[in-house]
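Structure record follows, encoded as structure tokens.
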Amino acid sequence: MNETLTQESIAVEALESHYRRVEDGIAFDAAEDYAKLVTPNSNSSEPFHRWFHMKEAYSAGLLQQVVKDCGLDDVHRGLRILDPFAGSGTTAVSAAKLEPTPAVWGVECNPFLHLLASVKHEAMQVRPSGLVSLAEEVTIRADSRTTTPERFSRPALSTFKNKKYFPQDELRRLLALVDELDSLAKIGDDLKVDLLRLAAAASVEPVSNLRRDGRALRYWPRKDRAHAYREFLRRAQEMADDIDLCSAAANGRQLLGDGRRMSCIPEDLSFDLAIFSPPYPNNIDYTEVYKLEAWLLGMISNRDEFRLQRLRTVHSHPSIRRPVPTDSCIAIDGIVAPILACIEPGRYAAGLADMIQGYVLDLVELFESLACRLRDGGYIACAVGNSVHGAPGTGVVVAADVLVLAAARIAGFEPQRIAVARNLTRRKHGSAYLRESVCFITREGR
Ligand SMILES: C[S@@+](CC[C@H](N)C(=O)[O-])C[C@H]1O[C@@H](n2cnc3c(N)ncnc32)[C@H](O)[C@@H]1O
């Protein structure tokens, strides 16, 4: 027993000294300013941000702090900002508070999250009127159908068939709304229809007995379950209020694509700042967490499309299995081999090893793409969290912030600073590397 413990502590020490070697020479500091900025704490009361709660988003205040800390608040023209993992569109929406108005280009691979980010950003630019009256018309038409025995085709995802999860009357109402919106989409006025599609999708969780809980949806019988039509109309009203009161300008676009390659971003654009939070290597599979919304809206309609969508994401969870070319593994071997050496044999060992290797390869690809997109002297700010995998006391700490800096170096960037936003407490794990940080990286003039 003692001998095992000693071997374990030797492995932990070896891993921590590996991380210390990789981050050697990079300034790091406890940055309390960032503690509240790496989570979406206050977003639920902020216009536009409040349209949908994304637990993995960062705060609406992060961008302003980063712009100040990088000295970019002195730039007197509108900044050009890039977010390759746009998620709920926090970067694009919060940029509207900066003056002069920056142009924010975002990339997101999840179709539902892309809809969320793009309609928020576009609504700030176009400020459509008449959203509530359109929502009322749609609801009246849907209601006239749900009071008849008409059947609506249900998404093929088994979760929707479970009466415990979804009271079937509420589900019929949601399906009738989506069906009405699909017919309207064929006629035109795409932005307003898309805003209402978002309002319908954002009503899925409140009308169900399910709750997003970390990596999964859990059964959660609700006493205060919402009524589908009332929830839909409430959300449409909230959107209309925010649009009416919006005086800020906005610029740029949110695109559906792969943030590691960014081929959807026009080639002639070069950016002053790339700010983003990539998926963390913590087993969260965004395709799974936001599946109800995507299936309800018909963005995913069968198992194959679901699997393909998973494969498009950064390797942050073990449900991805992709072949890895041997020569790319050699390039990152010095970074990942000491981590892989600490994985205990067992059922999950191969999946964890593949995930760590795949994650670093994805980061290298990301930074190589950023190298073509960032102007000389530009900045990168990357908010990322480290995690522990395995049994309490013996698990492997995956220091994503150290991996980010190592990948950035491979692509020719110069890591400047790790601002440690907060230390994460995990039972029986006392590692200094269990933390959430903002990594600052620059690109010197060539
Ligand atoms: C931590 S979240 C970003 C949240 C965002 N900063 C916000 O405040 O809403 C990471 C995002 O990366 C997206 N993602 C994962 N793989 C991607 C890829 N290959 N290309 C683009 N986006 C990807 C996920 O769908 C998720 O929305």
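No lab work stands behind these numbers, since they all come straight from the coordinates. Computed from a predicted structure; not experimentally measured. When we count neighbours, we look across all protein chains shown, and the Cβ atoms used for this are built from the backbone with ideal geometry, even at glycine.
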Open item on the list: If I model a spin label at residue 330 and residue 136 as a point 7 Å from the Cα along the Cα→Cβ vector, what separation in nanometres do I get?
Closed with: 6.9
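Starting from the Cα-Cα distance between residue 32 and residue 125, subtract it from 0.36 nm times their residue separation and give me the gain in nm to one decimal.
Here the segment from residue 32 to residue 125 would lengthen by 30.1 nm.
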TODO: Find how much the distance from residue 425 to residue 213 grows on full extension, using 0.36 nm per residue of separation minus their present alpha carbon separation; answer in nm with one decimal.
DONE: 74.5 nm
TODO: Rounded, prolate or oblate: pick one for the stretch 308-446, where a ≥ b ≥ c are the square roots of the eigenvalues of its C-alpha gyration tensor, a/c under 1.5 means rounded, and failing that, prolate if a/b is larger than b/c, else oblate.
DONE: oblate
Task: Cα Rg, Dmax, the stretch 131-245, angstrom units - done: 14.3, 41
Open item on the list: How charged is the neighbourhood of residue 70? Take every other residue with its Cβ under 11 Å from the Cβ of residue 70, and add Lys/Arg as +1 and Asp/Glu as -1.
Closed with: -2
- [ ] Specify the inter-centroid distance of the stretch 301-318 and the stretch 15-63, based on alpha-carbon positions, in whole Å.
- [x] 26
Task: Centre separation in Å (Cα based) which lies between the stretch 334-352 and the stretch 143-218 - done: 42
Task: Charged-residue dipole, Cβ positions (Lys, Arg, Asp, Glu), the chain about Cα centre, Debye nearest 20 - done: 1460
Open item on the list: Please compute the contact order of the chain in relative form: average sequence separation of alpha-carbon pairs under 8 Å and at least six residues apart, divided by the residue count, as a percent.
Closed with: 20
TODO: Largest first and in whole Å, give the semi-axes of the stretch 1-153's equivalent ellipsoid, each being the square root of 5 times a Cα gyration tensor eigenvalue.
DONE: 43, 27, 13
Task: Added length on full extension, which subtracts the Cα-Cα distance from 0.36 nm per residue, residue 13 to residue 186 - done: 56.2 nm
- [ ] Rounded, prolate or oblate: pick one for the stretch 219-314, where a ≥ b ≥ c are the square roots of the eigenvalues of its C-alpha gyration tensor, a/c under 1.5 means rounded, and failing that, prolate if a/b is larger than b/c, else oblate.
- [x] oblate
Task: Computed FRET value (nearest 0.05) for residue 76 with residue 301, which takes r as the C-beta separation and R₀ as 51 Å - done: 0.55
Task: Among 249, 165, 104 - extreme Cα towards positive end, dipole of the chain, charges at beta-carbon - done: 165
Task: Test item: Cα-centred dipole of the stretch 85-185, Lys/Arg +1 and Asp/Glu -1 on Cβ, debye - done: 400
- [ ] Past 31 Å, Cα to Cα, is the threshold; run 36/120; 161/186; 36/164; 120/291; 68/120; 120/186 against it and keep the listed order.
- [x] 36/164
Task: Under 17 Å from the residue 348 label point (7 Å along Cα→beta-carbon), backbone N, the stretch 276-303 - done: 280-286
Task: Among 196, 153, 237 the positive-end extreme of the charge dipole of the stretch 131-245 (Cβ point charges) - done: 153
Open item on the list: Just to verify a number: FRET efficiency for residue 268 and residue 414, C-beta to C-beta distance, R0 = 41 Å, to 0.05?
Closed with: 0.95
Task: Karplus-derived 3J(HN,Hα), 6.51/-1.76/1.60, for each residue of the stretch 394-402, Hz, glycine and proline x - done: 10, x, 8, 7, 9, 8, 4, 5, 5
Task: For the stretch 247-255, 3J(HN,Hα) per residue [Karplus equation, 6.51 cos²θ - 1.76 cosθ + 1.60, θ = phi - 60°, Hz, x = Gly/Pro] - done: 10, 6, 8, 9, 8, x, 8, 10, 10
Open item on the list: Helix-only mean residue ellipticity at 222 nm, the chain, DSSP H runs n ≥ 4 weighted -39,500 (n - 2.57), per residue, nearest 500. What is it?
Closed with: -13500 deg cm²/dmol
